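Written below as structure tokens is the structure these notes are about.
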Amino acid sequence: MLTDILGFDGLATDCAARIHARLARPERNACDWSVELPAGGCACQLCGTLRTFLTDRDGLTFEWPLAKDGGQHVHSRIDSAELPVTHVTRRRGRPYTLVLVNTDALFARAQQARARDETDLAGLAGEWRTAPATAK
């Protein structure tokens, strides 16, 4: 078969194995608000504090007094990573307070990713004869 010569069977098998591994993980718990800040980018103290909030499973909100430049930096990190977190600056007192709130989009994204993985695995199983798509 031409696909065997081109190495696509091995690629499909590797993709199926990676998808199986993701589907083998437990589904997100309804009480788990943790979000991962993508690797790379900044390693400053502000981003460390942001990462601490994001990885806290119980962390729904965080009120953070920040100077203007710090607030702008955190806003930009959240926006560039497209995190499911609202961020509003409360302009009362000095310094202003950055209010971060995790949103339900976190759970919707997890469900969409799982459904996409199941669909992709079924497609690989049908098209490339990889392992069966029974990873539930």
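The set of residues from region 12-27 being touching a residue at least 24 places away in the same chain (Cβ under 8 Å), closer than 20 Å to L106 by Cα and either open to solvent by 50 Å² or more (accessible area, probe 1.4 Å) or in contact with a strand residue (DSSP E or B) (Cβ under 6 Å, 6 or more places away or on another chain) (or both) comprises R22, A24, E27. With respect to the stated conditions, D104 fails to be surrounded by 12 or more Cβ atoms within 10 Å (Cβ to Cβ) and modelled with pLDDT of 90 or more. Beta carbons closer than 6 Å, at least 6 apart along the sequence or on distinct chains, pair a first residue in region 88-100 that is farther than 9 Å from P65 by Cβ with a second that is part of a strand (DSSP E or B) and open to solvent by 50 Å² or more (accessible area, probe 1.4 Å) for V99/E63; V99/V88; V99/R90; L100/F62. When restricted to residues that are within 18 Å of R77 (Cα to Cα), of a type in the set (D, E) and in contact with a Lys or Arg (Cβ under 7 Å, 6 or more places away or on another chain), region 29-66 contains 0.
Can you say whether L60 is of a type in the set (A, V, I, L, M), closer than 21 Å to T103 by Cα, out of contact with any helix residue (DSSP H, G or I) (no Cβ under 7 Å at 6 or more places or on another chain) and exposed (fewer than 14 other Cβ atoms within 10 Å of the Cβ), as far as the supplied structure shows? Yes.
Filtered by the rule that a residue be within 12 Å of V35 (Cβ to Cβ) and free of Cβ contacts under 8 Å to residues at least 24 places away in the same chain, region 62-85 gives a lone residue, E82. Select from region 82-99 the residues that are β-branched (V, I, T) and out of contact with any Pro (no Cβ under 8 Å at 6 or more places or on another chain) and write down the one among them that is surrounded by the most Cβ atoms within 10 Å (Cβ to Cβ). Looking at residues that are β-branched (V, I, T) and out of contact with any Pro (no Cβ under 8 Å at 6 or more places or on another chain), I get V85.
The values are calculated or read from the model by the stated rules, or taken from the named source; none is laboratory data. A quick note: this is a predicted structure, and the numbers were derived from the prediction, not measured. Here Cβ is always computed from backbone atoms with ideal geometry, including for glycine, and neighbour counts include all displayed protein chains. Heads up: the accessible areas ignore ligands, DNA and RNA and are worked out on the full protein's heavy atoms, side chains in. Shrake-Rupley method; radii C 1.70, N 1.55, O 1.52, S 1.80 Å.
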